[in-house]
1. Within 22 Å of A:Gly467 (Cβ to Cβ) and either of a type in the set (Lys, Arg) or assigned by TED's automatic domain parsing to the domain that holds A:Asn464 (or both): which single residue out of A:Arg25, A:Arg42, A:Arg76, A:Arg55 fits that description?
2. Among the residues of the stretch A:394-429, which ones are in a helix (DSSP H, G or I) and at pLDDT 95 or above?
3. Among the residues of the stretch A:365-385, write down those that are surrounded by 24 or more Cβ atoms within 10 Å (Cβ to Cβ) and of a type in the set (Gly, Ala, Ser).
4. Specify the residue that is nearest to A:Ala495 (Cα to Cα); the eligible residues are those in the stretch A:360-382 that are under 15 Å from the mean Cα position of the chain (by Cα) and part of a strand (DSSP E or B).
5. Give the residues of the stretch A:465-501 that are under 16 Å from A:Thr535 (Cβ atoms) and either over 18 Å from the mean Cα position of the chain (by Cα) or of a type in the set (A, V, I, L, M, F, W, C) (or both), sorted by residue number.
6. A:Arg200 - would you say it is in contact with a strand residue (DSSP E or B) (Cβ under 8 Å, 6 or more places away or on another chain), modelled with pLDDT of 95 or more, surrounded by fewer than 19 Cβ atoms within 10 Å (Cβ to Cβ) and not in a helix (DSSP H, G or I)?
7. Taking the condition of being surrounded by 20 or more Cβ atoms within 10 Å (Cβ to Cβ) and more than 15 Å from A:Pro102 (Cα to Cα), how many residues in the stretch A:39-62 meet it?
8. Going by what's in this entry, would A:Leu149 be described as modelled with pLDDT of 95 or more, under 20 Å from A:Leu213 (Cα atoms) and surrounded by fewer than 24 Cβ atoms within 10 Å (Cβ to Cβ)?
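The values are calculated or read from the model by the stated rules, or taken from the named source; none is laboratory data. Just so you know, these numbers come straight off a predicted model, no measurement behind them. Note that we place each Cβ from the backbone using ideal geometry, even for glycine, and neighbour counts take in every protein chain shown.
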Amino acid sequence: MYRYDAIDHALVSQRVEQFRDQTRRYLAGEISDDEFRHLRLRNGLYQQRFAPMLRISVPYGLLESAQLRKMAHVTRKYDKGYAHFTTRQNIQLNWPKLEQVPDLLAELAEVQLHGIQACGNDTRNITSDYLAGVAADEHTDPRPYAELLRQYITLNPEFYWLPRKFKFGFTGAAVDRAATRTNDVAVHLVRRADGAIGYRFFVGGGLGRLPMLGQEMNPFVPESDLLRYACAVLRTFNRFGRRDNIHKARIKIVLREWGIERFRAAIEEEYAKINASVEGDELLLLPEDIESIRGHFTAPAYDPQAEAGADVAGIAARDARFGAWIKRNVRAHKIPGYRVVFVSLKAPDAVPGDCSAEQFEALADISDAYSFGELRSTYDQNLVLADVAERDLYEVWQRLDAVKLATPNIGLVTDIVSCPGLDFCGLANAGSIGVSQDIYRRFDTLDAQYEVGAIRITISGCMNGCGHHSVGHIGILGVDKHGEEWYQVTLGGSAGNDAAIGERIGRALARDEIADGVERLIRGYLALRVDEDETFIECYRRVGMAPFKARLYLNETEAAAA
Amino acid sequence: MTAILRRGEIVADDWAVIEDGRTELGTGGGKVIVTLARWRAEREALLAGHTAVGVLVPNTTDIEAVYAEIADRPLIALQFPTFADGRALSQAVVLRKRLSYRGELRAVGDIIRDLVFWLGRCGFESIAPRKDQNLESCRKALDEINVAYQAAADQHTPVWVRRRRALAAVH
């Protein structure tokens with residue numbers, strides 16, 4: 001993974017001192033609340049319901065064991081002994097005290113973690129494929145490119161005061177595992193027939209209000225021009241993004257108001273001007289620039305004998321719990337003898353995405369012992385040990401199981417994506433954790449989960465959509481109606497290659513109806529599907545909304561007319 | 001006379017901003033800053049009546065489109081209606097790097113101490129902070145982070161270029 005050099009270290013530690021001084025001046029009454037809000041957000045600090053929330057950036061979801069141990073330490077020292085993984089592969093602490101945050105950030109900086117631009121109207125942490133470097137369907141590792149862009153956008157003064165937040169997502173594989181088109185900019189690495197590497201740029205995606213998928217702006221930007229094209233998009237946004245209405249300030253609104261032709265022409269014109277100026281020279285990436293960053297993302301020292309001595313199938317046949325875990329949580333690796341192990345953060349009664357100090361420590365030890373000291377966070381709020389030898393799988397499972405991290409439910413109905421919701425978040429209109437737990441209990445048995453098969457349920461506690469409800473197969477959005485929590489259901493969303501925004505099915509359901517309603521939708525799918533191979537989303541696309549709607553509003557005669 | 005920051009120093013401001021509709025001469029030797037609209041309408045009279053004339057450009061203006069009209073001005077002022085509105089940062093970078101403007105580039109408006117660092121990096125040579133801001137604190141803000149990954153309109157060399165040169169030096 002990328003390790004800091006002297007410049008990174010100096011930048012992050014000077015940044016901590018800058019924020020320490022800002023916090024001191026705020027507490028001394030020298031900075032207004034509104035001004036300080038902008039400053040703290042740009043350091044990851046968000047005001048939640050009960051305390052500030054600190055969001056820690058995890059570039060493209062890569063973590064190493066020293067960082068995990070530090071997380072265990074800071075959750076105990078500054079928080080309540082746990083942290084939360086988000087859909088953007090970041091980590092959030094829910095209970096730090098403002099006065100202590102500068103010290104907390106200084107401790108994180110020791111292990112190359114920070115909250116720089118984790119919130120606020122700026123360029124946010126870049127997300128990427130959590131299987132980068134190990135997936136068989138990958139043609140180009142996206143991480144070196146994401147890292148170069150990270151360096152370009154971090155504390156970039158021109159783009160530090162944007163109209164609204166701005167997100168990039170990267171992939172270099174056949175399967176999009178990073179929901180890239182839900183970002184303001186999606187960068188798809190592409191390889192032309194002649195072998196040349198380039199970028200297919202999508203612009204204008206974004207969830208929240210008016211969820212939209214990014215539209216193709218340029219099918220092939222040459223490899224040398226990543227930063228030039230990014231500069232053109234960012235400058236266009238900085239100039240033309242609306243600043244009169246926070247709900248219309250994302251770049252997707254510029255695209256919607258202008259139409260794609262005018263929007264594309266503006267970006268291409270700026271791109272051409274950059275290329276023709278001194279800026280273009282500075283932003284041009286030469287092959288050796290990319291090569292030197294690629295050196296940070298080399299493959300670990302795989303054991304050529306890793307295949308020997310592994311009897312995964314034999315043990316799985318004897319130990320059904322291990323067998324279930326192998327089936328659901330372990331995937332193929334491009335190197336023979338190795339597997340990708342998913343660590344489920346969706347145990348029964350757990351809060352989706354939460355990880356305790358003890359679990360952080362166990363994961364540090366397990367990753368050191370079995371996966372070259374690395375761990376990754378995923379778009380679905382789970383974790384990945386990317387390089388586990390087959391012969392170690394049984395031990396890894398035992399050790400994960402001991403700390404409740406081996407629930408065999410990856411990609412199943414209980415692998416629910418959820419934001420923190422009203423229990424923590426100051427923006428939320430409704431709870432999401434309790435709803436996820438209610439749905440979980442309906443399908444708690446493995447047999448029930450396996451019968452349902454692959455499905456993504458996603459829950460957001462408000463319109464901002466941190467739980468990505470718009471792109472869930474079943475999406476649930478919490479809304480406030482006269483002080484009560486209600487839930488709107490959308491169907492047919494997807495975040496993968498077949499990305500789609502879900503369609504709202506009808507009237508919202510009350511808190512005590514929502515789990516029943518979701519169960520009826522899933523039972524309906526089981527009745528409607530052609531056979532076991534037809535997944536929920538495939539079935540929905542075939543039969544459409546109507547039969548699901550009839551089942552969701554079973555007792556309502558007016559439902560058909562709604 | 002109010003004080004401002006210029007090239008990292010606190011100095012007395014020798015320019016007066018003349019709002020539209022007002023006719024009096026600026027103080028301090030008659031160096032005045034007028035709006036772009038007024039500059040267009042009263043160019044000859046303004047030049048005849050003042051030692052120097054600078055132009056204030058709204059942050060919604062296409063700076064490249066109007067540059068021919070203001071390229072010879074000794075001072076261009078860009079506006080920050082609120083400190084969080086960063087449009088003029090892009091105008092500044094384009095002025096410095098694409099249009100090679102070498103006159104005094106000034107930031108005016110709702111400029112708080114914690115915006116100053118970013119202004120400095122985007123090529124603002126002079127900065128007029130909001131009246132309630134502590135100028136000495138603003139001055140210190142200019143170099144509170146002295147490393148950078150990327151070049152803006154400042155002295156920094158992009159890290160990828162520095163790595164490239166370091167690599168070339170080894171070979």
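1. A:Arg55
2. Within the stretch A:394-429, A:Tyr394, A:Glu395, A:Val396, A:Trp397, A:Gln398, A:Arg399, A:Leu400, A:Asp401, A:Ala402 qualify.
3. A:Ser367, A:Ser371, A:Ser377
4. The extreme case among them is A:Ser377.
5. Residues satisfying the conditions are A:Val471, A:Ile474, A:Leu491, A:Gly492, A:Ala495, A:Ala499, A:Ala500.
6. Considered against the rule, which asks whether it is in contact with a strand residue (DSSP E or B) (Cβ under 8 Å, 6 or more places away or on another chain), modelled with pLDDT of 95 or more, surrounded by fewer than 19 Cβ atoms within 10 Å (Cβ to Cβ) and not in a helix (DSSP H, G or I), A:Arg200 comes out as yes.
7. Qualifying residue count, the stretch A:39-62: 6.
8. When the stated conditions are applied, A:Leu149 does not pass them.
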